[in-house]
Amino acid sequence: MNIFDILGPVMVGPSSSHTAGAVRIGYVAKCLLQDELCNVKILFHGSFATTGIGHGTDRAVIAGLLGMHPDDMRIPDSFSYAQKAGLSFGFDQIDLRDAHPNTVILEMEGRSGRNLKIQASSLGGGRIMVNQIDGIDVNFNAEKPTLIVHNLDQPGHVAEVTSMLSHKCVNIATMQLYRDKKGGYAVMVIETDQAVPTDAIKWLEHLEGVIKVTYINLEED
């Protein structure tokens, strides 16, 4: 346990789960999109839906999507900053089954046409968990460099990715594999001890059967 675990995040209040966690969700979503965000639909579930407005969750998510951090004094004015940035956004509520009460779905569109839908939850103390990407269960917290490979469910893709990481001297900390059905759409979520080089990510993007590669390293950001 470290001092952050005891005291919680340095943040603009009022709530670590409804404000700081929401900012972090927005920021991680922005990084995962890897495109300049131009439009987002935000769907709040559970406590986020019922009490989020009073805690500033709506403004916090937008702040994170604009690249702000939980201690940024501009968070309360994030809507006006979004307008200046040309970011179009809308809010609604959704009832999700078996989801954490502090959950949000972000449906994002980038200016170059890249789209991403994520579901994430705020666990308290500013910590978050990304639960789904494009409808596929993933469950990672983005605290380590994280490589997400979307691919067709075919033999050989896992070996290609792990061999590449070995060649680049990148050690795998955790690895999760998901798919919607046999032979369908699959996702690899790999947390690493070292940063993944840019050229390695570009190499993965051009592999046959790979649909999309997403990478996030908050230490670099």
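The values are calculated or read from the model by the stated rules, or taken from the named source; none is laboratory data. Nothing here was measured: the structure is a model prediction, and the numbers come from that model. With ideal geometry, Cβ positions are generated from the backbone for all residues, glycine too; neighbour counts draw on all protein chains shown. Accessible surface areas use protein heavy atoms only, side chains included; no ligands, DNA or RNA. Shrake-Rupley method; radii C 1.70, N 1.55, O 1.52, S 1.80 Å.
Results, tabulated for the structure shown:
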quantity: Close pairs (7 angstrom Cβ cut-off, 6 or more residues apart or separate chains): among the acidic types (Asp, Glu) in segment 52-73, open to solvent by 10 Å² or more (accessible area, probe 1.4 Å) anywhere; calculated: Asp58/Phe91; Asp71/Val10; Asp71/Met11; Asp71/Val12; Asp72/Val12
quantity: Meets criteria (farther than 30 Å from Leu66 by Cβ and open to solvent by 60 Å² or more (accessible area, probe 1.4 Å)) for Met175; calculated: yes
quantity: Residues being part of a strand (DSSP E or B) and surrounded by fewer than 11 Cβ atoms within 10 Å (Cβ to Cβ) - total across segment 80-95; calculated: 2
quantity: Residue within segment 43-52 that is of a type in the set (Phe, Trp, Tyr), on the phi < 0 side of the Ramachandran plot and within 16 Å of the chain's Cα centre (by Cα) present; calculated: yes
quantity: Single unsatisfied condition, Ile105 versus (1) among the aliphatic types (A, V, I, L, M); (2) surrounded by 15 or more Cβ atoms within 10 Å (Cβ to Cβ); (3) part of a helix (DSSP H, G or I); calculated: (3)
quantity: Evaluation of Ala159 against (1) at pLDDT 95 or above; (2) closer than 30 Å to Asp71 by Cβ (one fails), failing number; calculated: (2)
quantity: Segment 181-198: number of residues that are open to solvent by 90 Å² or more (accessible area, probe 1.4 Å) and not hydroxyl-bearing (Ser, Thr, Tyr); calculated: 2
quantity: Within segment 108-157, considering residues that are farther than 23 Å from Trp203 by Cβ and aliphatic (A, V, I, L, M), the one most open to solvent (accessible area, probe 1.4 Å); calculated: Leu123
quantity: Identity of the residue in segment 23-42, part of a loop (DSSP other than H, G, I, E, B) and under 14 Å from the mean Cα position of the chain (by Cα), that ends up modelled with the lowest pLDDT; calculated: Gln34
quantity: Selection status of Gly113, under 15 Å from the mean Cα position of the chain (by Cα), on the phi > 0 side of the Ramachandran plot and of a type in the set (Gly, Ala, Ser); calculated: no
quantity: All positions within segment 71-126 that are of a type in the set (Asp, Glu) and over 21 Å from Phe48 (Cα atoms); calculated: Glu109
quantity: Boolean, Ala60 is buried (at least 20 other Cβ atoms within 10 Å of the Cβ) and either assigned to a strand (DSSP E or B) or aliphatic (A, V, I, L, M) (or both); calculated: yes
quantity: Which numbered condition Gly26 fails, given (1) within 20 Å of Met129 (Cα to Cα); (2) in contact (Cβ under 8 Å) with a residue 60 or more places away in the chain; (3) open to solvent by 20 Å² or more (accessible area, probe 1.4 Å); calculated: (3)
